[in-house]
Amino acid sequence: MSEEKLPTEEEVYERELRESVKTVLSTPAGAFLMKDLFTDAMLFRTICSGDARQDAFCEGKRDLGLKYLDLIAVVCPEKIAELLIKARE
(Lines give C-alpha, C1' and ligand atoms only; values in the text may rest on other atoms or scores of the structure.)
Protein backbone atom coordinates (compact mmCIF):
# COMPACT_ATOMS: atom_id res chain seq x y z
CA MET A 1 0.00 0.00 0.00
CA SER A 2 1.56 3.29 -1.06
CA GLU A 3 1.18 6.48 0.86
CA GLU A 4 -0.18 9.53 -0.94
CA LYS A 5 2.23 12.40 -0.93
CA LEU A 6 0.75 15.56 0.54
CA PRO A 7 1.29 18.75 -1.48
CA THR A 8 3.97 21.10 -0.25
CA GLU A 9 3.16 24.65 0.82
CA GLU A 10 4.63 25.88 -2.46
CA GLU A 11 2.41 23.53 -4.48
CA VAL A 12 -0.67 24.65 -2.56
CA TYR A 13 0.29 28.30 -3.09
CA GLU A 14 0.83 27.79 -6.84
CA ARG A 15 -2.51 26.00 -7.21
CA GLU A 16 -4.34 28.76 -5.32
CA LEU A 17 -2.58 31.42 -7.39
CA ARG A 18 -3.60 29.74 -10.66
CA GLU A 19 -7.20 29.37 -9.49
CA SER A 20 -7.25 33.02 -8.43
CA VAL A 21 -6.01 34.12 -11.85
CA LYS A 22 -8.72 32.04 -13.55
CA THR A 23 -11.36 33.60 -11.29
CA VAL A 24 -10.12 37.15 -11.85
CA LEU A 25 -9.94 36.74 -15.62
CA SER A 26 -13.42 35.24 -15.80
CA THR A 27 -14.93 38.68 -15.16
CA PRO A 28 -14.78 41.88 -17.22
CA ALA A 29 -13.57 43.75 -14.13
CA GLY A 30 -10.71 41.29 -13.69
CA ALA A 31 -9.68 41.58 -17.34
CA PHE A 32 -9.75 45.38 -16.97
CA LEU A 33 -7.57 45.13 -13.86
CA MET A 34 -4.97 43.01 -15.67
CA LYS A 35 -5.00 45.34 -18.67
CA ASP A 36 -4.30 48.22 -16.31
CA LEU A 37 -1.50 46.27 -14.61
CA PHE A 38 0.13 45.52 -17.99
CA THR A 39 -0.16 49.16 -19.02
CA ASP A 40 1.35 50.41 -15.75
CA ALA A 41 4.11 47.80 -16.04
CA MET A 42 5.13 49.42 -19.34
CA LEU A 43 5.32 46.10 -21.14
CA PHE A 44 4.92 47.76 -24.52
CA ARG A 45 7.14 50.83 -24.23
CA THR A 46 10.76 51.67 -23.85
CA ILE A 47 11.57 52.44 -20.24
CA CYS A 48 15.00 53.99 -20.68
CA SER A 49 14.84 57.50 -19.25
CA GLY A 50 18.53 58.17 -18.74
CA ASP A 51 18.05 58.24 -14.96
CA ALA A 52 19.40 55.01 -13.45
CA ARG A 53 17.11 55.17 -10.40
CA GLN A 54 14.00 55.76 -12.47
CA ASP A 55 14.98 53.00 -14.88
CA ALA A 56 15.51 50.55 -11.98
CA PHE A 57 12.08 51.45 -10.59
CA CYS A 58 10.48 50.92 -14.00
CA GLU A 59 12.28 47.61 -14.45
CA GLY A 60 10.78 46.44 -11.16
CA LYS A 61 7.29 47.31 -12.38
CA ARG A 62 8.00 45.59 -15.68
CA ASP A 63 9.22 42.46 -13.87
CA LEU A 64 5.95 42.26 -11.94
CA GLY A 65 3.95 42.67 -15.14
CA LEU A 66 5.96 39.92 -16.82
CA LYS A 67 5.36 37.60 -13.87
CA TYR A 68 1.60 37.89 -14.31
CA LEU A 69 1.82 37.75 -18.09
CA ASP A 70 3.71 34.44 -17.78
CA LEU A 71 1.21 33.13 -15.24
CA ILE A 72 -1.75 33.99 -17.48
CA ALA A 73 0.00 32.37 -20.46
CA VAL A 74 0.14 29.11 -18.49
CA VAL A 75 -3.28 29.28 -16.82
CA CYS A 76 -5.46 30.98 -19.45
CA PRO A 77 -3.56 31.06 -22.75
CA GLU A 78 -6.77 31.86 -24.60
CA LYS A 79 -6.96 35.23 -22.77
CA ILE A 80 -3.45 36.43 -23.64
CA ALA A 81 -4.18 37.89 -27.07
CA GLU A 82 -7.24 39.75 -25.81
CA LEU A 83 -5.38 41.21 -22.84
CA LEU A 84 -2.35 42.25 -24.87
CA ILE A 85 -4.48 43.97 -27.50
CA LYS A 86 -6.40 45.88 -24.81
CA ALA A 87 -3.19 46.86 -23.02
CA ARG A 88 -1.83 48.43 -26.21
CA GLU A 89 -4.96 50.56 -26.72
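The values are calculated or read from the model by the stated rules, or taken from the named source; none is laboratory data. Note that the structure is a prediction, hence the values are computed from the model and not measured. Cβ sites come from the backbone with ideal geometry, for glycine too, and all protein chains shown count toward neighbours.
Pairing residues of segment 63-89 that are free of Cβ contacts under 8 Å to residues at least 60 places away in the same chain with residues that are among the polar types (S, T, N, Q), at Cβ distances under 6 Å and at least 6 apart in sequence or on separate chains, gives A87/T39. In segment 60-89, the qualifying residues are those that are farther than 25 Å from E14 by Cβ and outside any loop (DSSP other than H, G, I, E, B), and the one that is modelled with the highest pLDDT is I85. Here T23 clears all of (1) more than 12 Å from the chain's Cα centre (by Cα); (2) not in a helix (DSSP H, G or I) except the condition numbered (2).
Take segment 1-52 and flag every residue that is under 20 Å from C76 (Cβ atoms) and surrounded by fewer than 11 Cβ atoms within 10 Å (Cβ to Cβ). Listed by number, the residues that qualify are E16, T23, T27, P28, A29. When segment 21-53 is limited to residues that are among the β-branched types (V, I, T), in contact with a helix residue (DSSP H, G or I) (Cβ under 6 Å, 6 or more places away or on another chain) and at pLDDT below 90, the one that is nearest to Y68 (Cα to Cα) turns out to be T39. Does T39 fit the bill of being outside any helix (DSSP H, G or I) and not small (G, A, S)? No.
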